[in-house]
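Please read the structure below before turning to the comments.
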Amino acid sequence: MTLRSPALTVDGILIEDGSILLIQRKHPPFQAKWALPGGFVEYGEKTEDALIREMFEETGLKIKIRALLGVYSDPHRDPRGHTVTVAYLIERVDGSLNAGDDAMSAKFFKTNELPELAFDHANIVKDASQRISHGVLPKM
């Protein structure tokens, strides 16, 4: 029997002044679509460290993790194959917003004026907004 495991990814939810940070994807899948910043966890890397690395690579921002939002594991969330993402609520510590690495663009969108999002990121953003408004997660 061959054991297959899902790939592990991370996503960051950065909300400032009622706006959420999104990146425009440079590569397939969902090329040119908007998504939460994040990416794959490297072997031997903690999910928290992967998110700090990915955020800097994609946005130029240094961040700190505020809270765990949740784990999203629908086997069909990524057309490349089964991925499981760990989503965190994060806060900017330093840096200037600048698209890099796998991002064509990076910008803030009002949470009530979001573009169509890649993967299951609309569900992740909805969960974050609901939990923040109900006081389950810290306000940003």
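Read-outs: derived from the displayed coordinates by stated rules, not from any lab. Nothing here was measured: the structure is a model prediction, and the numbers come from that model. Heads up, the Cβs are rebuilt from the backbone with ideal geometry, glycines too, and the neighbour counts pull from every protein chain shown.
Observations
- Rounded to the nearest 10 degrees, the angle from helix 121-133 to the longest Cα principal axis of the chain is 50 degrees.
- Magnitude of the charge dipole, region 7-133, Cβ model with Lys/Arg +1 and Asp/Glu -1, debye to 20: 200
- Dipole of region 7-133, positive direction: furthest Cα of 82, 108, 60, with charges on the beta-carbon: 108
- Stretchable slack from residue 96 to residue 123, in nm (0.36 nm times residue separation minus alpha-carbon distance): 7.0 nm
- Rounded to the nearest Hz, the phi-derived 3J(HN,Hα) couplings of region 29-35 under the Karplus curve 6.51 cos²θ - 1.76 cosθ + 1.60 (θ = phi - 60°) are x, 6, 3, 6, 7, 8, 8, where x marks glycine and proline.
- DSSP bridge orientation in the chain - percent antiparallel, rounded to nearest 5: 75
- Between residue 113 and residue 5, the simple label model (points 7 Å from Cα in the Cβ direction) yields a spacing of 4.4 nm.
- At R0 = 30 Å, FRET efficiency that the Cβ-Cβ distance of residue 105 and residue 49 yields, to 0.05: 0.75
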